[in-house]
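One structure below.
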Amino acid sequence: MKNYKDLGFKVVDTKGNYISYYKDGKWDDGKIQKDDTITISAFSTAIHYGQQAFEGLKAYRTKSGKIQVFRIEDNARRLQSSCDKILMPRVPIEKFIDAVKQVIKVNEELIPPYGHGASLYIRPYVIGVGRNLGVKPAPEYLFGVLCSPVGSYFGGGLRPVNFMVTDRDRAAPNGTGDVKVGGNYAASMLSHQEAVDKGYADCIYLDPLTHTKIDEVGAANFFGITKDNKFLTPESKSILPSITKKSLIYLAKNNLGMEVELRDAYINELDQFKEAGACGTAAVITPIGRIDYHDKKHVFYSETEVGPITRKLYDTLIGIQFGDIEAPEGWITIIK
Ligand code: PLP
Ligand code: COI
């Protein structure tokens with residue numbers, strides 16, 4: 001049997017992916033193709049002007065062998081808001097769900113077995129295609145869904161990792177930080193690499209206007225557990241509204257009986273937290289051991305041990321995702 005712990009987050013050959021074209025004001029029916037290559041005009045807006053958006057969600061295998069996805073409608077809706085913001089046509093919710101289901105079904109044998117913390121990462125995307133020269137929306141679009149079996153994003157499952165605060169920004173105060181478009185990720189590559197080169201898992205972005213508050217943790221949202229046991233997470237116009245974070249807010253309140261505070265997390269006030277973490281589809285919950293900000297180093301619970309509340313949140317979240325804990329209504333879609 002494969003060593004699922006070492007799967008990491010990378011491309012694996014699959015049995016097929018979905019592809020659908022938008023032309024003359026409508027989407028075609030779409031189809032599964034075997035090869036993950038596409039042929040598009042080199043004049044496409046996706047190539048020159050970054051007119052593209054994507055999503056990330058996972059399919060999980062439960063103990064009884066069923067396959068299920070987590071909060072798929074939320075991802076479908078968020079893709080629509082990304083499309084709205086950069087003037088691409090929306091993918092209808094039902095079309096999104098149907099495409100994801102088709103990709104899961106054709107790749108069923110690649111979904112890791114229950115019990116390894118691994119899952120099938122699903123990557124829907126929309127790109128502007130067709131021949132175009134000026135800065136304006138593309139004449140045609142392509143919606144695709146790719147997938148790959150994955151393990152842990154930051155490496156090693158539930159163990160604390162360290163982050164450094166970057167002085168760079170990934171998004172502007174009134175820009176596109178709140179949607180999942182490629183430009184935000186292009187803007188994050190240099191700061192990410194600088195952090196990795198210095199031995200950190202990733203970098204933390206401060207709010208782009210004042211550089212005093214935590215915005216995001218690489219490709220994940222930030223949360224902290226205050227000394228008086230509150231779940232705190234920042235609200236900001238320049239961060240991606242994380243579906244995992246939205247779920248943790250609910251679970252902290254309803255399953256763990258915690259108070260939740262949606263407010264700023266000032267980088268000079270990290271002492272208020274006894275635990276902290278990064279959350280996202282790829283990151284799941286990654287405990288933050290230490291944050292380095294210029295020459296200041298702040299350790300939360302421990303650099304090697306996971307705090308008890310972070311662990312409880314993690315166990316509850318993955319318990320729901322893998323079907324061991326009953327999910328709130330509408331969170332889980334059984335595929336098979
Ligand atoms: N923030 C960024 C920049 C991301 O890329 C992601 C990943 O999707 C997240 C946060 C977490 O969002 P979600 O929990 O919906 O995956
Ligand atoms: C996700 O968590 O789905 C992401 O998109 C993170 C990253 C791999 C871009």
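The values are calculated or read from the model by the stated rules, or taken from the named source; none is laboratory data. For clarity, every value in this text was computed on a predicted model and none was experimentally measured. Positions of Cβ are generated from backbone atoms using ideal geometry, with glycine treated the same way; all protein chains shown enter the neighbour counts. Note: areas computed on protein heavy atoms with side chains; ligands, DNA, RNA excluded. Shrake-Rupley method; radii C 1.70, N 1.55, O 1.52, S 1.80 Å.
Computed quantities for the displayed model
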read-out	value
Residue that is farthest from ligand 2 (Cβ to nearest atom) [pool: residues in the range 170-211 that are in a loop (DSSP other than H, G, I, E, B), open to solvent by 50 Å² or more (accessible area, probe 1.4 Å) and free of Cβ contacts under 8 Å to residues at least 60 places away in the same chain]	T210
Test: K101 is outside any helix (DSSP H, G or I) and either within 16 Å of ligand 2 (Cβ to nearest atom) or farther than 30 Å from I214 by Cα (or both)	no
Matching residues in the range 256-287 - criterion: being under 17 Å from K230 (Cβ atoms) and in contact with a Pro (Cβ under 9 Å, 6 or more places away or on another chain)	L262, R263, D264, A265, E275, A276, G277
Residue check, G155 without any contact (Cβ under 8 Å) to a residue 40 or more places away in the chain, assigned to a loop (DSSP other than H, G, I, E, B), open to solvent by less than 60 Å² (accessible area, probe 1.4 Å) and of a type outside the set (D, E)	no
Where a residue in the range 119-130 is in the same structural domain as K105 (by TED's automatic domain parsing) and within 11 Å of ligand 2 (Cβ to nearest atom) and its partner, wherever it lies, is of a type in the set (S, T, N, Q) and open to solvent by less than 10 Å² (accessible area, probe 1.4 Å), with Cβ under 8 Å and at least six apart	P124/N75
Residue within the range 227-243 that is among the charged types (D, E, K, R), touching a Pro at 6+ places or on another chain (Cβ under 8 Å), open to solvent by 20 Å² or more (accessible area, probe 1.4 Å) and more than 29 Å from V150 (Cα to Cα) present	yes
Test result for A59, in a helix (DSSP H, G or I) and either open to solvent by 30 Å² or more (accessible area, probe 1.4 Å) or in the same structural domain as L142 (by TED's automatic domain parsing) (or both)	no
The range 254-275, residues that are open to solvent by 70 Å² or more (accessible area, probe 1.4 Å) and free of Cβ contacts under 8 Å to residues at least 12 places away in the same chain	E269
Residues that are open to solvent by 70 Å² or more (accessible area, probe 1.4 Å), farther than 30 Å from N268 by Cβ and assigned to a loop (DSSP other than H, G, I, E, B), drawn from the range 281-336	D324, E326, E329, K336
Where A76 falls short, out of the listed (1) open to solvent by 30 Å² or more (accessible area, probe 1.4 Å); (2) in contact with a strand residue (DSSP E or B) (Cβ under 9 Å, 6 or more places away or on another chain); (3) within 16 Å of ligand 1 (Cβ to nearest atom)	(1)
Unmet requirement for Y121, which otherwise passes all of (1) surrounded by 17 or more Cβ atoms within 10 Å (Cβ to Cβ); (2) over 16 Å from the mean Cα position of the chain (by Cα); (3) within 21 Å of I32 (Cα to Cα)	(2)
Residue in the range 136-144 that is closer than 23 Å to L7 by Cβ, touching a residue at least 40 places away in the same chain (Cβ under 8 Å) and surrounded by 15 or more Cβ atoms within 10 Å (Cβ to Cβ) present	yes
Qualifying residue in the range 92-106 (condition: touching a Phe, Trp or Tyr at 6+ places or on another chain (Cβ under 7 Å), more than 25 Å from G151 (Cβ to Cβ) and open to solvent by 10 Å² or more (accessible area, probe 1.4 Å))	yes
Some residue of the range 40-49 being polar (S, T, N, Q), surrounded by fewer than 16 Cβ atoms within 10 Å (Cβ to Cβ) and assigned by TED's automatic domain parsing to the domain that holds G16	yes
Filter result for S236 (within 16 Å of ligand 2 (Cβ to nearest atom) and without any contact (Cβ under 8 Å) to a residue 60 or more places away in the chain)	no
Selected residue [part of a helix (DSSP H, G or I) and either aliphatic (A, V, I, L, M) or touching a residue at least 60 places away in the same chain (Cβ under 8 Å) (or both)] from S64, S148, S81	S81
